[in-house]
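One structure follows; several queries about it will come next.
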Amino acid sequence: MTREEIFGKLQEILTVEFELGKEAVTPEARLYEELELDSIDAVDLLVKMKEFIPGKIDPESFKKAVTVQDVVDILYPLVQKP
């Protein structure tokens, strides 16, 4: 899975599950300030991402994510593992 495909999945989840406008979900969008996610939303997003990410997602690394691109960068190595 490419970074672009991961971004597309994240964008889909954020627009459908969190009812955000597609134009708001950009790589530079700040998760908490701009997209207005809270800690419960972050957990929900993590659960939804596990549906398409084969590896184990470390919640601690996810806490460091500030932007949508940060999430993509955290997930990318997980989908590269055989």
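Treat region 37-82 as a sphere of radius equal to its Kirkwood radius over Cα pairs and apply Stokes-Einstein at 25 °C in a medium of 0.890 mPa s; give the translational diffusion coefficient in µm²/s, rounded to a whole number. List each step's numbers first, then the result.
Numbers: Rh = 10.8 Å.
After rounding, the answer is 227 µm²/s.
Once amide H atoms are placed 1.01 Å from N in the peptide plane, what residues at a sequence separation of 5 or more from residue 67, or on another chain, have their amide H within under 5 Å of its amide H?
Correct list: 31.
Further question: Pull up the cross-link candidates among the lysines for residue 22, meaning alpha carbon to alpha carbon under 29 Å and not fewer than 8 places away within one chain.
9, 48, 50, 56, 63, 64
Continuing with the same structure: Quick check on the chain: helices-only [θ] at 222 nm, where DSSP H runs of length 4 and up contribute -39,500 (n - 2.57) each and the sum goes over total residues. Nearest 500, please.
So the calculated ellipticity at 222 nm is -16000 deg cm²/dmol.
At q = 0.11, 0.13, 0.16 Å⁻¹, what is the base-10 log of I(q)/I(0) for the chain according to the Debye formula with one equal point scatterer per Cα and no solvent? Please give it to two decimals.
Each listed q corresponds, in turn, to -0.24, -0.34, -0.52.
Coordinate-derived values only; no laboratory data. Computed from a prediction, not measured in an experiment: that's the story for all the values here.
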